[in-house]
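Step one of this worksheet: look at the structure below.
The values are calculated or read from the model by the stated rules, or taken from the named source; none is laboratory data. If you're wondering where the values come from, they're calculated on a predicted model, not measured in any experiment. Counting neighbours? That spans all protein chains shown, and the Cβs are built from the backbone with ideal geometry, glycine included. Note: accessible area is taken over every heavy atom of the protein model, side chains too, but ligands, DNA and RNA are not part of it. Shrake-Rupley method; radii C 1.70, N 1.55, O 1.52, S 1.80 Å.
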Amino acid sequence: MERTLAVLFCAFAAACAAAAEYPAKPVRIITPFPPGGSVDLVARLIGADLSKPLGQQVVIDNRTGASGIIGTELAKNAAPDGYALLVNTLPFVTNQFAYEKVPYDPINDFASISLLASVASVLVCHPALPVNSMKDLIALARSKPNEITYGTAGAATNPHIAGELLNNLAKIKLLAVHYKGGGPAQIATLSGETQLYFVNAIPEALPHIQAKKLRALGITAAKRNPTAPDIPTMAEAGLPGYEVLLWFGLYAPAGTPQAVVQRLHQAALRGLSKPEVKEKVAVGGMDASPSASPEAFDAEIRAEAPVLTRIIRESGAKIE
């Protein structure tokens, strides 16, 4: 018994010592979506700010594919020492309900650190599509089921869920075309390869809207966005009850020492509370929204999982 207690004490002391020295080398943030998308943008913003309080370089590692599953599994299997983190968004939770088999559990395989930001999307169309409003789109889509296409960043990603919710509420059948990330999906709509896309951050779309390369139809928030006050909400445009807000969170592999998790949370909280960081996040069309504690963020994710399940089931979103 005494030997067992001694072993446990030594292990605890070693963990405490490692946490006290953390970080002793560069920290890697895995983003499971490609450069140019909203997840990558948030990861780079938080990474640049975390490097100062941590006293180490923070490297962004884009590992893309399968609606974020490839990069997320890589993060899950990393050593739980705080040197491999994950920034993820909606598919982190929705993949488990949308795919038959997912190689990770978002609740049990990760330690929640903090919510980082939230953002509303804007639905845009290629100018060749003969619609100027949501009412026009709904009327056209009802006359041409499965003929109007919308791009996604991958199955079960933010744009896919937003598009399938639109299908469900408007009683239409838009056809989803999946890409490996938000950047390629947006390029596809700009080129006319697809006709619609939910851009994850309004400022990403504004230059193209202003240049008349894309036409805005509505934003997915309950209120208009101050960066684009002329764009109506989806509810105002003819879809009462439509609201989809995207979130971005920071995670570590399960088993990461609590002291390291707390250190990372405090660094993120301090960073996202700075006016200059809030301003940078706002430029991306997002609201900086750090969690009060890792436990609070974990509770939010657990509460949202059944809500997302309901949205997927009611929208009819399925992975082919």
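Would you say residue 221 is touching a Gly at 6+ places or on another chain (Cβ under 6 Å) and either over 18 Å from residue 197 (Cα atoms) or of a type outside the set (Ser, Thr, Tyr) (or both)?
Values: touching a Gly at 6+ places or on another chain (Cβ under 6 Å): no; either over 18 Å from residue 197 (Cα atoms) or of a type outside the set (Ser, Thr, Tyr) (or both): yes.
Taking the combined requirement at face value, the residue does not satisfy it.
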* strands (runs of 3 or more DSSP E) within region 13-97 that include 3 or more residues closer than 20 Å to residue 297 by Cα and in contact with a Ser or Thr (Cβ under 8 Å, 6 or more places away or on another chain) -> 84-88
* Hey, does region 128-144 have a residue that's among the polar types (S, T, N, Q), open to solvent by 10 Å² or more (accessible area, probe 1.4 Å), touching an Asp or Glu at 6+ places or on another chain (Cβ under 9 Å) and outside any loop (DSSP other than H, G, I, E, B)? -> no
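How many residues does region 161-192 hold that are assigned to a loop (DSSP other than H, G, I, E, B), touching a strand residue (DSSP E or B) at 6+ places or on another chain (Cβ under 8 Å) and more than 21 Å from residue 245 (Cβ to Cβ)?
Kept after step one, since they are assigned to a loop (DSSP other than H, G, I, E, B), are these residues of region 161-192: 171-174, 179-181, 192.
From the residues that got through so far, the ones that are touching a strand residue (DSSP E or B) at 6+ places or on another chain (Cβ under 8 Å) too are 174, 179.
This time we only want the ones that are more than 21 Å from residue 245 (Cβ to Cβ), so: 179.
Count: 1.
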* Quick one: residue 304 ticks every box in (1) part of a helix (DSSP H, G or I); (2) at pLDDT 85 or above; (3) open to solvent by 20 Å² or more (accessible area, probe 1.4 Å); (4) in contact with a helix residue (DSSP H, G or I) (Cβ under 9 Å, 6 or more places away or on another chain) except a single one, so which number is it? => (2)
* For region 199-215, name all the residues that are out of contact with any His (no Cβ under 9 Å at 6 or more places or on another chain), in contact (Cβ under 8 Å) with a residue 24 or more places away in the chain and either within 21 Å of residue 280 (Cα to Cα) or not charged (D, E, K, R) (or both). => 200, 201, 202, 203, 204, 205, 208, 209
* What are the pairs, 6+ residues apart or on separate chains, where a residue within region 68-84 that is of a type in the set (Ser, Thr, Tyr) has its Cβ under 7 Å from a residue that is open to solvent by 60 Å² or more (accessible area, probe 1.4 Å)? -> 83/25; 83/28
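Does residue 121 qualify as being within 28 Å of residue 281 (Cβ to Cβ), modelled with pLDDT under 95 and of a type in the set (Ser, Thr, Tyr)? Give the derivation first.
Working: within 28 Å of residue 281 (Cβ to Cβ): yes; modelled with pLDDT under 95: yes; of a type in the set (Ser, Thr, Tyr): yes.
Yes, satisfied.
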* Test each condition in (1) part of a helix (DSSP H, G or I); (2) modelled with pLDDT of 90 or more; (3) of a type in the set (D, E, K, R); (4) over 25 Å from residue 273 (Cα atoms) for residue 3 and report the one that comes out false. => (2)
* Sole exception among (1) open to solvent by less than 50 Å² (accessible area, probe 1.4 Å); (2) charged (D, E, K, R); (3) modelled with pLDDT under 90 for residue 287, by number -> (1)
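For the structure I just gave you, tell me whether residue 36 is surrounded by fewer than 23 Cβ atoms within 10 Å (Cβ to Cβ), within 17 Å of the chain's Cα centre (by Cα) and on the phi > 0 side of the Ramachandran plot.
Values: surrounded by fewer than 23 Cβ atoms within 10 Å (Cβ to Cβ): yes; within 17 Å of the chain's Cα centre (by Cα): yes; on the phi > 0 side of the Ramachandran plot: yes.
Answer is yes for this residue.
Hey, could you check region 216-231 for residues that are part of a loop (DSSP other than H, G, I, E, B) and touching a residue at least 24 places away in the same chain (Cβ under 8 Å) and say which is surrounded by the most Cβ atoms within 10 Å (Cβ to Cβ)?
Among them, the one singled out is 220.
Applying the selection to region 245-277, what residues are small (Gly, Ala, Ser) and not in a helix (DSSP H, G or I)?
The first filter runs over region 245-277 and keeps only residues small (Gly, Ala, Ser), leaving 249, 252, 254-255, 259, 267-268, 271, 273.
The answer is 249, 252, 254, 255.
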